[in-house]
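Below: the structure, in structure tokens.
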Amino acid sequence: MDLTDNLVRQIGLVYRAMMRALDAETTPMRMGSGRFSYLFMLYISEGITQQEMAQRLRTDKAAVARTLAQLEVQGYIERRNDPADGRVTRVYLTDKSRRMRADLEAAVQRVIDRLIGDRDPQTQAVVEQALSEMLEHLEPDAPNSHS
């Protein structure tokens, strides 16, 4: 095995390059690559709980709470207690984040376009399927997982 240039390293390099590109695209909006996915999730499912966000993002609740606090300070989201169960916190968009949706989607699409390049749709579908399967095999609860 070539320890200097293997699949793990290549995926890591692609990830870092993609995150730098996303940062460059979203920084003018004061968003940053690590936070736009929270807004995208709310564009689709506004009013979900912090717990649901953590599950969908495959991250811990503390990381979600920290990021939501930053987004709240910036005026992009607001958190409210669920009227039916005060222990549950739901997350909502603000007018500010609703207004920036088109610009944010365009910024992310530019990065996706660069990532895909001139790959034909059939090849792209194969790449997406392979990445999805790799992730599935690495998940802690996957049948073939060795963690």
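Read-outs: derived from the displayed coordinates by stated rules, not from any lab. The structure presented is a predicted model; accordingly, all values stated were derived computationally and were not measured. Cβ sites come from the backbone with ideal geometry, for glycine too, and all protein chains shown count toward neighbours.
Of the residues GLY75, ILE11, LEU22, the one whose Cα sits farthest toward the positive end of the charge dipole of the chain, with +1 on the Cβ of Lys and Arg and -1 on the Cβ of Asp and Glu, is GLY75.
Comparing VAL91, VAL108, VAL127, which has the greatest mean-square fluctuation in the GNM of the chain with Cα pairs linked when under 10 Å apart? Taking springs between Cα atoms under 10 Å, the residue moving most is VAL127. Given a 10 angstrom Cα cut-off, can you work out which residue in THR59, THR123, THR94 is the most mobile in a GNM of the chain? Looking only at THR59, THR123, THR94, the biggest GNM fluctuation is shown by THR123.
Counting every other Cβ atom within 10 Å of each residue's Cβ, ILE77, ILE48, ILE11 order from fewest to most as ILE11, ILE48, ILE77. The relative contact order of the chain comes to 20 percent, based on Cα pairs under 8 Å that sit 6 or more residues apart.
Fully extending the segment from VAL127 to ARG66, taken as 0.36 nm per residue of separation minus the present Cα-Cα distance, adds 18.7 nm.
Label-to-label distance for ASP82 and GLU139 is 2.2 nm, based on points extended 7 Å past Cα in the beta-carbon direction. Volume of the convex hull of the chain (Cα atoms only), normalised per residue: 163 Å³.
Rounded to the nearest 20 debye, the dipole magnitude of the chain is 700 debye, with +1 charges on Lys and Arg beta carbons, -1 on Asp and Glu beta carbons, and the Cα centre as origin.
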